[in-house]
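*Asks:* This structure is in structure tokens; I'll ask about it shortly.
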Amino acid sequence: MSKNIDPLSVIRLSVEKKVHGASHVFVVFGASGDLAKKKIYPVLWNLFKDELLPKETYIIGYARSKLSLEDLQSRWAPYLKVTDDDKSKFQEFLKINSYCSGNYDKTSDFARLDKMISEIGNCNRLFYLALPPTVYESVTLNIKATCMSKSDKWTRVIIEKPFGRDLDSSELLSNHLSSLFKEEEIYRIDHYLGKEMVQNLMVLRFGNRIFSPIWNRDSIASVVISFKEPFGTEGRGGYFNDFGIIRDVMQNHLLQLLTLVAMEKPPSTDAEDIRNEKVKVLKSIPPIVIDNVVLGQYVGNPEGNGEEKLGYLDDPTVPAGSTTPTFVTAALFVRNERWDGVPFLLRCGKALNERKAEVRIQFKDIPGDIFNEGKVKRNELVIRVQPNEAVYMKMMAKTPGMSFDCEETELDLTYGSRYKGIKMPEAYERLILDVFTGSQINFVRSDELYQAWRIFTPLLHQIEEEKPKPIPYVYGSRGPKESDELCATNNFIYTGTYKWSPSKI
Ligand SMILES: NC(=O)C1=CN([C@@H]2O[C@H](COP(=O)(O)OP(=O)(O)OC[C@H]3O[C@@H](n4cnc5c(N)ncnc54)[C@H](OP(=O)(O)O)[C@@H]3O)[C@@H](O)[C@H]2O)C=CC1
Ligand SMILES: O=C1O[C@H](COP(=O)(O)O)[C@@H](O)[C@H](O)[C@H]1O
């Protein structure tokens, strides 16, 4: 693209083209809550500020609390970035916002909401459920009964995980939703699908000739998909304890990454073509067996990063003696022609040594090594999702100079240096814009969800019934050593010999 073209103007044009100049109302259910103030309103503000929201868009917050717009605004204040230059734009943003106080189970309150929307005009309607799942049922029933759009306009409902807690409860929710809405009206958010490097996976795989011949069991030894967070449950122990790290991160975000790495090339980039391929690959994954799993739980660290860090069980919101895992590594297998025998190691944990999400594809040893035995190390292709987005290939090269020795080095695409000054949109920004434009590529379809729960439910039930004691690991460490052992027995070789020395140029 020419340097003179503002990339945002291209997106603006494409959004306007797709919405055909229609008016929209975006309703935030749970407007007084955490997700709304930390994510949804800041994202709506960013989209508004960048003029990416369709022109005639109005936002209505809905929650039980009796709040004025000023009250709502004071909740957003710490999370919305408004600079001095933005002040007049922010006043315009306030003008498109309003608030409706009502209960989640009272049809007459939803009728009031419908009246508010109708007063704006005949418009497309987006309903974002930033709510605990306990009220999904009554809210969606009330939307259906009173708030659907009229005549030629559409309605879209955006829901957040957890989509149930196992196969049965997820099926109940899916059946409930499908009794009210068509699949194309339901947008199940997995915010990892909105991340730049996650979206990049399809382009890397299907836009490069070099990868397709080696992207299979003949060349790939193992795939490690990691999510690491350097903080514990701090304050969220109640919610987390009920769900655990498998439901919180692995069954959704990490499994989505796996499907994008493992799926076959779709016939097109249409949402249904891509989601069909994702479902196909999920169907080839048998349920995880507990022997292929390591469970961990963090314990306190008196010297954690300069200050004492409390263990999971020290969190007052966590029930005494809880065996909920805060760290899990699991080996999954895709039983199809491309992947048979290749372990996919999913690892996720809280209170670890760093923040990191990455996909690491480790290639097999080279056959017939002619160099000094043990010198040649396996190639690795690493797609670092966050932080500091990068794609790098660890490879061997001749040591520069007179000697004919070889050493480990890398081909390195670091986004921060290659794409200086490019603003990476927040995952939620992309996803919310996708809902306006009707693209379901980055949303989870009901049959995809079914398959995801099928893979994890037997393991989750076994853990809940047998309550195996998770292996303790220290807050701020890399997690239990048994996780490395599981990776090692599943054909991931860590040598510790690779050293990165980024170029100063
Ligand atoms: N463009 C860029 O920004 C680039 C950055 N780098 C940086 O260079 C550094 C090293 O590169 P990296 O790819 O991690 O290569 P390494 O070979 O150092 O690490 C490979 C993997 O092994 C894991 N590991 C660490 N210790 C053990 C162990 N004892 N047993 C088993 N596994 C272990 C690592 O971290 P863990 O298990 O803790 O997640 C990682 O998943 C990194 O900090 C990386 O970010 C490298 C290239 C390009
Ligand atoms: O869905 C979740 O994701 C966050 C991590 O998201 P990220 O975009 O910051 O990587 C995690 O902290 C949370 O527990 C989980 O519910």
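*Asks:* Scan the strands (runs of 3 or more DSSP E) fully inside region 96-169 and keep the ones with 1 or more residues being more than 16 Å from ligand 1 (Cβ to nearest atom) and open to solvent by 30 Å² or more (accessible area, probe 1.4 Å). Give the derivation first.
*Replies:* On the way: elements: 97-101, 124-129, 155-160.
Those strands (runs of 3 or more DSSP E) span 97-101, 155-160.
*Asks:* Taking Ala357, is it modelled with pLDDT of 95 or more, more than 27 Å from Arg478 (Cα to Cα), open to solvent by less than 70 Å² (accessible area, probe 1.4 Å) and not in a loop (DSSP other than H, G, I, E, B)? Before the answer, list the steps.
*Replies:* Values: modelled with pLDDT of 95 or more: yes; more than 27 Å from Arg478 (Cα to Cα): no; open to solvent by less than 70 Å² (accessible area, probe 1.4 Å): yes; not in a loop (DSSP other than H, G, I, E, B): yes.
In short, no.
*Asks:* Are any of the residues in region 393-410 of a type in the set (Val, Ile, Thr) and near ligand 1 (Cβ under 8 Å from one of its atoms)?
*Replies:* If we filter region 393-410 for residues that are of a type in the set (Val, Ile, Thr), which is where we start, we get 399, 409.
Keeping just the survivors that are near ligand 1 (Cβ under 8 Å from one of its atoms) gives none.
No, the conditions are met nowhere in region 393-410.
*Asks:* Note down all Cβ pairs under 8 Å where the first residue falls in region 267-292 and is open to solvent by 50 Å² or more (accessible area, probe 1.4 Å), the second is not polar (S, T, N, Q) and not in a helix (DSSP H, G or I), and they're at least six residues apart or on different chains.
*Replies:* Final answer for the pair search is Thr269/Ile441; Asp270/Ile441; Asn276/Pro266; Lys280/Met263; Lys280/Glu264; Pro286/Phe333; Pro286/Arg335.
*Asks:* Related question: Look at Gly61 and say whether it is under 23 Å from Lys144 (Cβ atoms), touching a residue at least 24 places away in the same chain (Cβ under 8 Å) and in contact with a Phe, Trp or Tyr (Cβ under 8 Å, 6 or more places away or on another chain).
*Replies:* On the way: under 23 Å from Lys144 (Cβ atoms): yes; touching a residue at least 24 places away in the same chain (Cβ under 8 Å): yes; in contact with a Phe, Trp or Tyr (Cβ under 8 Å, 6 or more places away or on another chain): yes.
Yes: the conditions hold for Gly61.
*Asks:* OK, next. Quick check: is even one residue across region 75-95 farther than 29 Å from Ile422 by Cβ, in contact (Cβ under 8 Å) with a residue 12 or more places away in the chain and either in contact with a helix residue (DSSP H, G or I) (Cβ under 6 Å, 6 or more places away or on another chain) or assigned to a loop (DSSP other than H, G, I, E, B) (or both)?
*Replies:* yes
*Asks:* List the number of the failed condition for Lys364; all other conditions in (1) within 16 Å of ligand 2 (Cβ to nearest atom); (2) open to solvent by 30 Å² or more (accessible area, probe 1.4 Å); (3) of a type in the set (Lys, Arg); (4) within 28 Å of Glu482 (Cα to Cα) hold.
*Replies:* (1)
*Asks:* Give the residue, chosen from Met393, Met402, that is surrounded by fewer than 18 Cβ atoms within 10 Å (Cβ to Cβ) and either assigned to a strand (DSSP E or B) or under 22 Å from the mean Cα position of the chain (by Cα) (or both).
*Replies:* On the way: Met402 fails: either assigned to a strand (DSSP E or B) or under 22 Å from the mean Cα position of the chain (by Cα) (or both).
None of the others qualify; the one that does is Met393.
*Asks:* Residues being part of a helix (DSSP H, G or I) and either over 27 Å from Val299 (Cα atoms) or of a type in the set (D, E, K, R) (or both): count how many of those fall in region 459-505. It would help to see each step written out before you state the result.
*Replies:* Pass one, region 459-505, residues part of a helix (DSSP H, G or I): 459-466, 481-489.
Narrowing the set further to residues that are either over 27 Å from Val299 (Cα atoms) or of a type in the set (D, E, K, R) (or both) leaves 464-466, 481-482, 484-485.
Number of matching residues: 7.
*Asks:* Can you confirm whether Glu448 is in contact with a Lys or Arg (Cβ under 6 Å, 6 or more places away or on another chain) and away from ligand 2 (no atom under 16 Å from the Cβ)? Spell out the reasoning first.
*Replies:* Numbers: in contact with a Lys or Arg (Cβ under 6 Å, 6 or more places away or on another chain): yes; away from ligand 2 (no atom under 16 Å from the Cβ): yes.
In short, yes.
*Asks:* Given Ser222, Ser178, which one is in contact (Cβ under 8 Å) with a residue 12 or more places away in the chain, among the hydroxyl-bearing types (Ser, Thr, Tyr) and open to solvent by 20 Å² or more (accessible area, probe 1.4 Å)? Reasoning before the result, please.
*Replies:* Details: Ser222 fails: open to solvent by 20 Å² or more (accessible area, probe 1.4 Å).
Of Ser222, Ser178, the one residue that is in contact (Cβ under 8 Å) with a residue 12 or more places away in the chain, among the hydroxyl-bearing types (Ser, Thr, Tyr) and open to solvent by 20 Å² or more (accessible area, probe 1.4 Å) is Ser178.
*Asks:* Go through Pro425, Pro502 for me and flag whichever is in contact with an Asp or Glu (Cβ under 9 Å, 6 or more places away or on another chain) and either of a type in the set (Phe, Trp, Tyr) or within 16 Å of ligand 2 (Cβ to nearest atom) (or both). Step through it out loud before you land on a result.
*Replies:* Values: Pro502 fails: either of a type in the set (Phe, Trp, Tyr) or within 16 Å of ligand 2 (Cβ to nearest atom) (or both).
Of the residues listed, the single one that is in contact with an Asp or Glu (Cβ under 9 Å, 6 or more places away or on another chain) and either of a type in the set (Phe, Trp, Tyr) or within 16 Å of ligand 2 (Cβ to nearest atom) (or both) is Pro425.
The values are calculated or read from the model by the stated rules, or taken from the named source; none is laboratory data. None of the values given here were measured: they were computed from a predicted structure. Because the Cβ atoms are built from the backbone with ideal geometry, glycine has one as well, and the counts that use them run over all protein chains shown. With ligands, DNA and RNA removed, areas are computed over all heavy atoms of the protein, side chains included. Shrake-Rupley method; radii C 1.70, N 1.55, O 1.52, S 1.80 Å.
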